[in-house]
1. Going residue by residue through the stretch 420-435, is there one that turns out to be surrounded by fewer than 16 Cβ atoms within 10 Å (Cβ to Cβ) and more than 30 Å from K294 (Cα to Cα)?
2. Among (1) surrounded by 13 or more Cβ atoms within 10 Å (Cβ to Cβ); (2) modelled with pLDDT of 70 or more, there is one condition I178 misses while meeting the rest; what is its number?
3. Can you go through G438, G493, G402 and tell me which one is small (G, A, S) and touching a helix residue (DSSP H, G or I) at 6+ places or on another chain (Cβ under 6 Å)?
4. Could you check the stretch 397-412 and list, in sequence order, the residues that are among the basic types (K, R) and more than 32 Å from the chain's Cα centre (by Cα)?
5. Given the stretch 235-349, what helices (runs of 4 or more DSSP H) lie entirely inside it while holding 3 or more residues that are modelled with pLDDT of 65 or more and loosely packed, with under 13 Cβ neighbours inside 10 Å?
6. In the stretch 375-431, which residues are among the charged types (D, E, K, R) and free of Cβ contacts under 8 Å to residues at least 24 places away in the same chain?
7. Return the pair list, or none, for Cβ contacts closer than 8 Å from residues in the stretch 190-207 that are within 14 Å of L221 (Cα to Cα) to residues that are among the polar types (S, T, N, Q) and assigned to a helix (DSSP H, G or I), at least 6 apart or on different chains.
Amino acid sequence: MIEKMIKWELRRLFKNKKFKIAFILQLLVILLIIPLFGSYVRALEEGGFFNLSVGGKGYLPIGIYSEKNSLTDIISENKRIEILWLDEKKGFELLESGRISALLEIERDFEDNLRSYKSSTVKIYINSENPKSIPAYSELNSIILGFRDGAIESRISNLSIVKPEEKKTGEVLLALPIKREKIFYSKFLSIMIIILFQLLFWITALYYFGRVTNPLIILPLTITAILLLSITGLIGVYSKNYKDSALIVTVTFIVLFFFLFGTSTLYLVGLKEVAAISPLSLVIAIENGTYSTKETIFSILPSLSFSLILMFASTALYRKDEFYFGPRPSITQLIFNLAGKLQIKSRSYGPYFIALIFGFIAVLISIILEIFFGIITIYFTESIFVILALWAIIEELSKSIGIFSASHYYKLKWHEGLMAGMASGLGFAIFENIMFTGFALNIFPDYAVRILIMRTFLSGGVHIVSTGVIGVGIADKKYLTLTFIIGVIIHFGYNIMMLQGVL
């Protein structure tokens, strides 16, 4: 039955003249846009858009033992690098003392060898005890190896939202003797088929023009398309009308753009392990020939899991009449409904269980908001302290959702609000520590156990205490503003101490 519905959906789409024109124009745009991506990646790698280093401009002092040449001219254009012209002896002294992040030695005949197509020797010396040496090496290595034109594309397409004039068609579908989720799946798969065709056309064109070297990049791009489509599907189910859904889709895709391309930017500047959570980072790895099975799983699993969760939520909502015929409940009502389903018989533990579960969910909310607003904050402020303060606010707000939900069903006294806040902080800390330990196993496997223990007692304790304080304010609303400020200060103070190496 689903196969017939998919065919029906595809025929309906391609009978629409506007859709056919738009579809053909998309394919033409794909061919025209290819040359732009090489310029985008090159400018990104040269630091031409914005500065990602935590210390701002000139964050990486580099010593150069050489005469000025074309390579040093390129290095000097990187805003993150501050060049110091040194002799060999002085260079090694400053490198050993940690006053420079790296020392670059270029042979004297570099320019002559370059013009005559001969090989040249370029040496990079770093101090492994200096934490800035790693990003310095990454920057210099990227410049020296040269930049490869690449192309990253994620086709974004909107899922069909039921318009008023299509209401009768929808009612006929609902009257059919099939489960409602199959209706949703048929629409989802129909659009997915179109997107896959676009991706195949896109990759084939890029491969033909020599812009990509490995067609396997279609795998992470497909995962990205599934993520985008699953988000669009959830918005389509929830939105009241076509205009509302279009607005929400636009805003959501802007957020996703910052997340996907922001994490890919981290890959380009050397933070490959952190950037691996984005499937688009895997595109770069495949193109560079540096991907592994572990990196592939680590890039695909989060996005695919999140997509499946969204699809499950979409089908669960689509089964309800109010999400098709209206009136749709607000997001707050949905949160409270979810909290209501988490109620347990015991009044003594009910609010704490709700807060604990929402503490887990708060981690996912925080990650999305922190990446989105973090990238914007870096662009405008280039200050790690502002980002740490912003992240503290986002995490405390996210953890507070569970306490508010618990207070909707249980009248909390101040000490119960404290306990609910601590439960939310505990849930957040457990999930966050699991994720950090996973990163540690991928980046620093020898220190994974130590990181888990330290975060359990330090970070976990801070999350429990800060949100516990806020819980007191949620239970007694007159203290809400004060307790929230105190909770954020506790969290921000911990972040600062971790940054400065106090803890």
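1. Of all residues in the stretch 420-435, those surrounded by fewer than 16 Cβ atoms within 10 Å (Cβ to Cβ) come to 434-435.
Checking the rest, the ones that are also more than 30 Å from K294 (Cα to Cα) come to none.
Checked the stretch 420-435: no residue is surrounded by fewer than 16 Cβ atoms within 10 Å (Cβ to Cβ) and more than 30 Å from K294 (Cα to Cα).
2. Every condition holds for I178 apart from (2).
3. G402
4. Just the residues of the stretch 397-412 that are among the basic types (K, R), to begin with: 399, 411.
Of everything in the stretch 397-412, just one residue is among the basic types (K, R) and more than 32 Å from the chain's Cα centre (by Cα), namely K411.
5. Of the helices (runs of 4 or more DSSP H) lying wholly inside the stretch 235-349, those with at least 3 residues that are modelled with pLDDT of 65 or more and loosely packed, with under 13 Cβ neighbours inside 10 Å span 293-318, 331-341.
6. K411
7. Close Cβ pairs satisfying both conditions: L196/T222; Q198/Q26; L199/T222.
The values are calculated or read from the model by the stated rules, or taken from the named source; none is laboratory data. Note that the coordinates shown come from a computational prediction; the quantities given were computed from them, not determined experimentally. A quick note on method: Cβ atoms are made from the backbone with ideal geometry, for glycine too, and the neighbour counts reach across all protein chains shown.
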